[in-house]
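What follows draws every value from the coordinates through simple rules; no lab data is involved. Please read all numbers here as calculations on a predicted model, not as lab measurements. Note: ideal-geometry Cβ built from the backbone for every residue, glycine included; neighbour counts use all protein chains shown.
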């Protein structure tokens, strides 16, 4: 892999980006088969970026608009994605591990084989999401909203789920722990003695 120090807007394939700050607006380019390590994208507008077959480590995408794009075969590990906007994007075979995705927006997304492992997703939005094989493992989902998103067969039994914002009918089939079921019963107006 060739190591580069600046992104000029051309497509990137089989490159290594290490410890760089990316600034500015990028109308369109592709990142394919890249290793991205310790990079800061938080000062950039990446609305025209498609990413595939890449590994992204210890990088900052906070408050970046990544909406209406395609992301396939990607690993995000130890990244800051606070407030990132994936609205109406297509994510396939994407894994987030030890990432902070608080206040992120996945509304309108199509998620296929997407996994969140030990991630912080507090106050994230998953409205009108279509999914297949969506996994939340040991995540913090406090204050998340799931409007018009079916939760049947999603297992959140080892996650923190305080103050979920979800319609009662969407809870049908959600897999929770015994203690979580007691907390969720408050959404139904049930009083427990």
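Across 25, 103, 71, mean-square fluctuation computed from a Gaussian network of the chain (C-alpha pairs under 10 Å connected) peaks at 25. The mean sequence distance of close C-alpha pairs (under 8 Å, at least 6 residues apart), as a share of the length of the chain, puts its relative contact order at 10 percent.
Neighbour counts of C-beta atoms inside 10 Å place 149, 95 in the sequence 95, 149, starting with the fewest.
Of the Cα atoms belonging to region 1-160, the radius of gyration and Dmax stand at 14.9, 45 Å. For the chain, what does -39500 (n - 2.57) per DSSP helix run (n ≥ 4), summed and divided by total residues, give at 222 nm, in deg cm²/dmol to the nearest 500? Calculated at 222 nm, the ellipticity per residue is -1000 deg cm²/dmol. With coordinates expressed along the principal axes, the C-alpha atoms belonging to region 7-85 extend over 27, 26, 21 Å, beginning with the largest.
Could you work out how much longer the chain between residue 47 and residue 175 gets when fully extended? Use 0.36 nm per residue separation minus the Cα distance between them, nm to one decimal.
42.6 nm
Note that region 95-193 shows a convex hull volume over its alpha carbon atoms of 80 Å³ per residue. Label sites at residue 148 and residue 38, each approximated as a point 7 angstrom past Cα along Cα to Cβ, lie 4.4 nm apart. Site pair residue 16 and residue 55 shows an inter-label distance of 1.1 nm when each label is modelled 7 Å from Cα along Cα→Cβ. Return the whole-Å distance between the Cα centroid of region 121-188 and the Cα centroid of region 71-105. With region 121-188 and region 71-105 each reduced to a Cα centre, they are spaced 18 Å.
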